[in-house]
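Engineer: This is the structure I have questions about; it appears just below.
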Amino acid sequence: MVSDCIFCRIVAGEIPADVVTSGERVIAFRDLNPQAPTHVLVIPREHHETVGALAAEDPKALADVVTVAAEVAAEESGGSYRLVVNTGAAAGQTVGHVHAHVLGGRSLGWPPG
């Protein structure tokens, strides 16, 4: 756990979250500022700053993040969803703990940003 990481603190139960599902390696919870009717964050329980770091250090956890994202999307938005992982400040990553945004529940335009 990284003590100043908000997501590590959610994992530790120090900060409340609207948890959608929780497992051994990942946890999924609703985004506080939803951008779609379904907007859930899926994170590994262990701290990894970026998706590249997670892939290199624990590929099984990355697979679990994607699997849980698909399960959440099936349950909450009929299986149609966008999975977004921002890496770095210029790409919009605001928390230095890798997290996947599951967005769905409405038509999502392209390009996204």
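Just so you know, all these numbers are worked out from the coordinates, no wet-lab data involved. It should be emphasised that the depicted structure is a prediction, and the values quoted were computed from it without experimental measurement. Backbone-built Cβ (ideal geometry, glycine too); neighbour counts: all protein chains shown.
Engineer: Arg45's amide H: which non-local residues (gap 5+, or another chain) put their own amide H closer than 5 Å, with H modeled 1.01 Å from N in plane and none for Pro or chain starts?
Structural biologist: Excluding prolines and chain starts, which carry no amide H, the hits are Val26, Ile27.
Engineer: Ser80 label point, 7 Å along Cα→Cβ, cut-off 12 Å on backbone N: hits in segment 90-113?
Structural biologist: Flagged as within label range: 104-109.
Engineer: Among 70-78, 41-49, how do they line up from the highest to the lowest mean number of other beta-carbon atoms within 10 Å? Before the final figure, lay out each step's value.
Structural biologist: Numbers: 70-78: 16.9, 41-49: 20.4.
Put in order of decreasing packing, that is 41-49, 70-78.
Engineer: Using 10 Å bins from zero, what percent of all Cα-Cα pairs in the chain falls into each bin?
Structural biologist: 15, 49, 33, 4
Engineer: I would also like to ask the following. Each label point is 7 Å from the Cα along the Cα-to-Cβ direction; what then is the distance between the points at Thr67 and Ser22, in nm?
Structural biologist: Spacing of the two 7 Å Cα→Cβ label points: 2.0 nm.
Engineer: Under 16 Å from a point 7 Å along the Cα-to-Cβ line of Ala91: which residues of segment 27-45 have their amide N that close?
Structural biologist: Residues passing the 16 Å test: 42-44.
Engineer: Using only helices, what value at 222 nm comes out for the chain when you add -39,500 (n - 2.57) per DSSP H run of length 4 or more and divide by the total residues, to the nearest 500 deg cm²/dmol? Don't skip to the answer; put the middle values down first.
Structural biologist: Numbers: 3 runs with 32 residues, N = 113.
Calculated at 222 nm, the ellipticity per residue is -8500 deg cm²/dmol.
Engineer: Just to check I understand the Karplus step: with θ = phi - 60° and J = 6.51 cos²θ - 1.76 cosθ + 1.60, what whole-Hz values come out for segment 66-71, glycine and proline as x?
Structural biologist: 5, 4, 5, 4, 5, 5
Engineer: Next question. In terms of modelled amide H atoms, which long-range or inter-chain residues lie less than 5 Å from the amide H of Thr87?
Structural biologist: Gln93
Engineer: Mean separation of Cα pairs under 8 Å and 6+ residues apart, divided by the residue count of the chain: what relative contact order is that in percent?
Structural biologist: Here the relative contact order equals 28 percent.
Engineer: Could you give each residue of segment 29-43 its phi-based ³J(HN,Hα) in whole Hz, using Karplus coefficients 6.51, -1.76, 1.60 with θ = phi - 60°, and x for Gly or Pro?
Structural biologist: Couplings: 8, 6, 5, 6, 10, x, 9, 7, x, 9, 8, 10, 9, 10, 10 Hz.
Engineer: A follow-up question, please. From the phi angles alone, apply the Karplus equation (6.51, -1.76, 1.60; θ = phi - 60°) to segment 100-106 and give each ³J(HN,Hα) in whole Hz, x where the residue is Gly or Pro.
Structural biologist: Taking θ as phi minus 60°, the curve returns 9, 8, 9, 10, x, x, 7 Hz for segment 100-106.
Engineer: Oh, and also: Gaussian network model of the chain, Cα springs within a sub-10 Å range: biggest mean-square fluctuation belongs to which of Gly96, Gly52, Gly13?
Structural biologist: Maximum among the listed residues: Gly13.
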